[in-house]
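The values are calculated or read from the model by the stated rules, or taken from the named source; none is laboratory data. Not measured: the values here are computed from a predicted model. Note: ideal-geometry Cβ built from the backbone for every residue, glycine included; neighbour counts use all protein chains shown. For the accessible areas, the whole protein counts, side chains as well, though only heavy atoms, and no ligand, DNA or RNA atoms are used. Shrake-Rupley method; radii C 1.70, N 1.55, O 1.52, S 1.80 Å.
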Amino acid sequence: MTLREPEGELGEALERAIDEAARLIGASRHVVALVGAGLSAESGVPTFRGPEGLWTKHREPDLRDYERFVEDPKRWWELRQERASRFAELAQALETAVPNPGHFALRDLEEMGRLQHIITQNIDNLHQIAGSQAVTEIHGNRTKLRCVVCNHRWPLEGFPLDELPPKCPDCKSGIVKGDTVMFGEPIPRDALDECISQSRMCDCMLLIGTSAVVYPAAGFPVDVKSSGGTLIEVNPTPTPLTELCEVVIRAPAGETLPLVVQKLRAS
Ligand code: NAD
Ligand code: ZN
């Protein structure tokens, strides 16, 4: 006896979910993808949660990161330059990661006019490398720097770092830090406003590779649902939002999103 469903049946259920997802996307006006670390798992970037997650294998992080930066930004910059990352495994994977078929499927959906926006919690820049245009990075981008006062952003490469901490060349008053949002740091206002406005317009949200426990991101699907929109989850494991979803694709995003694109192209 086996606890697993026979392969055939599992395949059929998955196929039905993919069909249904394509139908819903095709019937919607403003589709937004809310993306989490799971989308980049197939690019070799470890997630935080889940069986192979960094926090599952190691320990939960120090939630005072941002407080430390505010207390002593010069020290923070010095540590950053010594590359004293507590997540060396993540940092190394990020250096070499390339987009996977899931990222390219989202790019295709945008090009086809079927996906209006991506709200990503990922900092890995892989959406941009894949060619997606309309992307809001709610937790920042590891290849950029940002002024904490005016939110101006610059590519990390080429930014002068002779004086630490660097001052904003734009507003002249703010300190410049990495764009990645630290634990305890407020989400930059411009990114948050865009997410709220996208969620208001959205009538179908794809929840891709997110454990849906990090706020405010996990709240957007709830808002979409309560204003009459539909939710589609793409995740090999259940999340607290699963029960709100019209369609659940219980499989890796890189394997299934390209099939959704195929269905939509054929329709
Ligand atoms: P998370 O680590 O909390 O959860 C990952 C989710 O992805 C889990 O629900 C897991 O079941 C699912 N998953 C795993 N493999 C998948 C696959 N192949 N296809 C689809 N889903 C898959 O991630 P989170 O919800 O994004 O929250 C963690 C925070 O950590 C984020 O806010 C992000 O800023 C940061 N982070 C970013 C990266 C990155 O940039 N790639 C990586 C790790 C963590
Ligand atoms: Zn500034």
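Compute the accessible area per residue over the chain, keeping the other protein chains in place, probe 1.4 Å, unit Å². Before the final figure, lay out the partial values.
Values: 13690 Å² over 267 residues.
On a per-residue basis, 51 Å².
So what are the ³J(HN,Hα) numbers for the range 76-81, from phi and the Karplus equation (6.51, -1.76, 1.60; θ = phi - 60°), rounded to whole Hz, Gly and Pro as x?
4, 5, 4, 4, 4, 6
Could you tell me what percent of the DSSP beta bridges with both partners in the chain are antiparallel, to the nearest 5?
Values: 7 of 27 bridges.
Bridges in the chain are about 25 percent antiparallel.
If you line up the Cα atoms of the range 76-166 on their principal axes, what length do they span on each, largest first, in Å?
46, 32, 20
So what are the ³J(HN,Hα) numbers for the range 246-260, from phi and the Karplus equation (6.51, -1.76, 1.60; θ = phi - 60°), rounded to whole Hz, Gly and Pro as x?
Residue by residue, the range 246-260 yields 6, 10, 10, 9, 8, 6, x, 5, x, 8, 9, 4, x, 6, 5 Hz.
Could you compute how fast the range 120-267 diffuses translationally, taking Rh as the Kirkwood radius over C-alpha pairs and applying Stokes-Einstein at 25 °C with viscosity 0.890 mPa s? Give it in µm² per second.
Details: Rh = 17.2 Å.
The Stokes-Einstein estimate is 142 µm²/s.
What's the local net charge at ASP170, with K and R +1, D and E -1, over the other residues with C-beta under 13 Å away? Numbers along the way, then the final one.
Details: positive: ARG146, ARG153, LYS167, LYS172; negative: none.
Taking every Cβ under 13 Å from that of ASP170, the sum is +4.
What are the residues whose amide H is under 5 Å from the amide H of LEU231, where those residues sit 5 or more places off or on another chain and H is modelled from the backbone?
Here MET205, GLU246, VAL247 satisfy the definition.
Amide H neighbours of HIS30 under 5 Å, at least 5 residues apart or on other chains, H built in the peptide plane: list them.
Amide H neighbours of HIS30, under 5 Å, 5+ apart: ASP203, CYS204.
Where the only charges are on Cβ atoms (+1 Lys, Arg; -1 Asp, Glu), what is the dipole of the chain about its Cα centre, to the nearest 20 debye? Mind showing how you got there, number by number?
Working: 29 positive and 39 negative charges, 100 e Å.
Computed charge dipole of the chain: roughly 480 debye.
Would you work out which of THR136, SER173, CYS202 lies farthest towards the positive end of the dipole of the chain, given +1 charges on the beta-carbon of Lys and Arg and -1 on that of Asp and Glu, about the Cα centre?
The listed residue farthest towards the positive side: SER173.
For the range 81-219, what's the relative contact order in percent, using C-alpha pairs closer than 8 Å and at least 6 residues apart? Intermediate values should be presented prior to the final figure.
Details: 153 pairs, mean separation 24.8, N = 139.
So the answer I get is 18 percent.
Roughly how many Å² of VAL248 are accessible to a 1.4 Å probe, to the nearest 10?
Its accessible surface works out to 50 Å², give or take rounding.
Could you give the nm distance between label points at CYS150 and VAL222, where each point is 7 Å from its Cα heading toward the beta carbon?
With each label point 7 Å from Cα toward Cβ, the separation is 3.6 nm.
Given a 1.4 angstrom probe, I'd like the percentage of the accessible area of the range 143-267 that is carbon and sulfur, rounded to a whole number.
Details: 3270 of 5920 Å².
Ligands and nucleic acids excluded, carbon and sulfur reach 55 percent.
Which value results when the Cα radius of gyration for the chain is divided by 2.2 N^0.38 Å?
On the way: Rg = 19.5 Å, N = 267, 2.2 N^0.38 = 18.4 Å.
Cα-based Rg divided by the globular estimate yields 1.06.
Give the relative contact order (percent, whole number) for the chain; include only Cα pairs under 8 Å separated by 6+ residues. Intermediate values should be presented prior to the final figure.
Details: 436 pairs, mean separation 68.0, N = 267.
Answer for the chain is 25 percent.
For a test of understanding, tell me how many lysine pairs in the chain have Cα atoms under 23 Å apart, given they are 8 or more places apart or on different chains.
Count of close lysine pairs: 8.
When the Karplus curve 6.51 cos²θ - 1.76 cosθ + 1.60 is applied with θ = phi - 60°, which whole-Hz ³J(HN,Hα) does each residue of the range 163-169 get, with x for Gly and Pro?
My calculation for the range 163-169 gives 10, 10, x, x, 8, 5, x Hz in order.
Sequence-distant or interchain residues sharing an amide H contact under 5 Å with ASN125, placed H: which?
ARG142
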